[in-house]
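Read through the structure below, which is laid out as C-alpha cells, and then see the notes.
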Amino acid sequence: MKKGTLCVHDEGEDVFGSIVTPIHLTSTYKLNDEKYGKIMEGKNREAYVYTRWRNPTIKALEEKMAMLEKGEDSVAFSSGMAAIATTFLTFLKKGDELLTTMDIYGGTFSFIQNELTKHGVEIKYVDCTSLNEISEAISPKTKMVFFESITNPLLKVVDVPEISKIAHEKNCLLVIDATFSTPINQNPLLQGADIVIHSASKYIGGHSDLIGGVVVSSKKICGEIWKRMTRYGGCMDPQQAYRILRSIKTLHLRVERHNENAFEIAKFLEGLDGIKKVIYPGLPSHEQHELAKKILNGFGGMVTFVLDGDNKDGIAFMRKLKICKEAPSLGGVEKLVSMPFNTSHSYLSNEERKKMGIEEGMIRLSVGIEDVGDLKEDIESALSSY
C-alpha cells in the first residue's frame, strides 16, 4: 500500500464499525480473568487496564506510525522531548557514551548537556557529516549514536545508510530524529537506523495546535521504551492521539506542498540582495545536495538563510513580514519564521551557539502551504523595508 493510502486508511476496526477512530476517554478499565492473566504473565502492554499502559485510540496512532515508518512497533508520548528523553534513559546508563553532534535542536542539546550527564553518561560530539570522524570517535563505551536526519537549524543531511553500517559494526544503536524529513520524505529504519523519533507537534500534527511525540522501532526495542514510558509518565493523551490521526490523513498532501513551496522560496532567496547565505538541501549550492537526492524522497519544508546584518536586523526583518508569523515552532500549514538565536537555541551560551554555527542574522523559515507567490512577495517587501 502506498504512503498516501496508508495516511488515509488502515487504522484497524472499531467494534461498532466506525469509519473514524473513536476517542476513548477513560483513565481505567474493568478487570477480568483474562486481564489478570496477562498481568501475571508480564504482558501488561497487551491488557487494557490503565490508559498509561494502553488505550485504543493511542494504540491506533502507534499502529499507524509503525506502518508509515516501516517499523514493527511504536510508542506514543506526550511530547517529542518526552520521546527523546525516554529513549536515551532506556538504553544509556552510568559509564556509557553517547555519540552525537552539536548541530541539533536546542532542547535536545540542553537535555543531553544538563540532564543526561547527571546520570553519568559521557557525551562525545562529532561532525555528523564526516563518516571518518564518526567511525574514529566510537569507542567500546559508545552505546548509542544519535543524529537528526536533517539537522536543526543548519539543515545538514545525515547519511543514515552509511552511518548505520558504522554504528552496527561497532555494536551501537543508531537513533534518528526524523522530524524534519517526516515519514513521507524518508524512512530511516529502511536505511539501517534502529530507532526513529518524531516530534508529532510538527509536520505530523501539522496545524500548530497540539504537542506529541512518537518512537518507532522493533517490537523488542519499543517494549523496553514502553516500560520506561509507563514509569516516567510521559504517555500521550487519547484526545491528542485522535487529533494526530486526523492530521495524518492529509500528511502526504501537506508534505508535498511544503516540499514544493520551500524549494521555490529557497531559489527565490538565492537571487535577492541583502541575503548572504541560503541553506536548503534541494539547492545545488547545498554541500550535501547529491546525498539529499540519494536518500530523501523530498527536500522538506525548512529553509535557513542568513541576512547581511546582525540579530537586530533579523528581528527588524521578521517584524516587517505580514503573512509569515514570528513563532518558535515549525511544520504547520502556515509559514513561521524565527531566529534560532533567541528561540530554539536561546538558552545556550554564545560560545555554544558559535560552535554550532548559529550566526548573527540567521533566520529559520518553516515554509507553509500558502500560495507561494504571496510568500515571495511578503519576503521581498520585508527585505526592502526593514
Beta bridge orientation in the chain: antiparallel %, DSSP, nearest 5: 60 percent
Between 0 and 90 degrees, rounded to the nearest ten: what's the tilt of helix 251-270 against the longest Cα principal axis of the chain? 20 degrees
Vicinal HN-Hα couplings computed from phi for region 312-328 (Karplus, 6.51 cos²θ - 1.76 cosθ + 1.60; Hz; Gly/Pro x): 5, 5, x, 5, 4, 4, 4, 6, 8, 5, 9, 7, 5, 8, 7, 7, x
Linear extension gain, ASN297 paired with ILE19, 0.36 nm per residue minus alpha-carbon span: 97.1 nm
Taking placed amide H atoms and a strict 5 Å upper bound, the residues 5 or more places from GLN186 or on another chain that come that close are ASN297
Using a Förster distance of 56 angstrom, determine the FRET efficiency expected from the C-beta separation of LYS219 and SER384, and round it to 0.05. 0.50
Whole-angstrom gap from region 208-283 to region 53-67, using each part's C-alpha centre: 17 Å
Over 31 Å between Cα atoms: which of LYS93/LYS293; LYS170/LYS220; LYS118/LYS325 fall into that group? LYS93/LYS293; LYS118/LYS325
Work out the FRET efficiency for THR343 and GLU287 from their Cβ-Cβ distance, taking R0 = 25 Å, and round it to the nearest 0.05. 0.50
Using the Cα centre as the reference, give the magnitude of the dipole from point charges on the C-beta atoms of region 252-385 (Lys, Arg: +1; Asp, Glu: -1; all else neutral), rounded to the nearest 20 debye. 320 debye
Added length on full extension, which subtracts the Cα-Cα distance from 0.36 nm per residue, LEU253 to GLU115: 45.9 nm
Enumerate the aspartates and glutamates that LYS141 could reach by cross-link, defined here as Cα to Cα under 17 Å, with residues fewer than 8 away along the same chain left out. ASP96, GLU97, GLU122, GLU133, GLU169
Near the amide H of THR179, under 5 Å away, which other amide H atoms are found, from residues 5 or more places off or on another chain, if H is placed in the peptide plane? SER149, SER199
Please give the FRET efficiency for MET1 paired with TYR50, using the beta carbon to beta carbon distance and R0 = 45 Å, rounded to the nearest 0.05. 0.85
Which value at 222 nm does the chain reach when only helices count, each DSSP H run of 4 or more adding -39,500 (n - 2.57), with the total divided by all residues and rounded to the nearest 500 deg cm²/dmol? -11500 deg cm²/dmol
For region 1-111: rounded, prolate or oblate by the Cα gyration tensor [a/c cutoff 1.5]: oblate
Using Cβ contacts closer than 10 Å as the measure, can you line up TRP53, TRP226 from fewest to most? TRP53, TRP226
³J(HN,Hα), Karplus 6.51/-1.76/1.60, whole Hz, each residue of region 231-239, x for Gly, Pro: 7, 7, x, x, 6, 7, 8, x, 5
Order of MET102, MET339, MET1 from fewest to most other C-beta atoms within 10 Å? MET1, MET102, MET339
Per its Cα gyration tensor (rounded if a/c is under 1.5, else prolate when a/b beats b/c, else oblate), region 338-386 is best filed as prolate
Rounded, prolate or oblate for region 209-257? Axes are the square roots of the Cα gyration tensor eigenvalues, ordered a ≥ b ≥ c, and the cut-off for rounded is a/c under 1.5. oblate
Here are several values of semi-axes √(5λ) of the Cα gyration tensor in Å: (i) 35, 26, 18; (ii) 33, 27, 26; (iii) 35, 24, 21. Which one was derived from the coordinates shown? (i)
Can you list residues whose amide H is under 5 Å from TYR386's amide H, if they're 5+ apart or on another chain and H is modeled 1.01 Å from N? none
Those residues of region 325-352 whose amide nitrogen sits under 16 Å from the label point placed on GLU370, 7 Å along Cα→Cβ: 325-338
Give me the one-decimal nm value for the distance between modelled label points at GLU122 and LYS170, 7 Å along each residue's Cα-to-Cβ direction. 1.2 nm
Relative counts (whole %) of C-alpha pair distances in region 252-385, using bins that are 10 Å wide: 13, 44, 35, 8, 0
Run the dipole for region 147-215 about the Cα centre, Lys and Arg Cβ at +1, Asp and Glu Cβ at -1, nothing else charged, and hand back the magnitude in debye, nearest 20. 20 debye
Sorted by Cβ density within 10 Å, fewest first, the residues MET144, MET81, MET236: MET81, MET144, MET236
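Bear in mind that the values in this text are calculations on the coordinates, not laboratory data. The structure presented is a predicted model; accordingly, all values stated were derived computationally and were not measured. With ideal geometry, Cβ positions are generated from the backbone for all residues, glycine too; neighbour counts draw on all protein chains shown.
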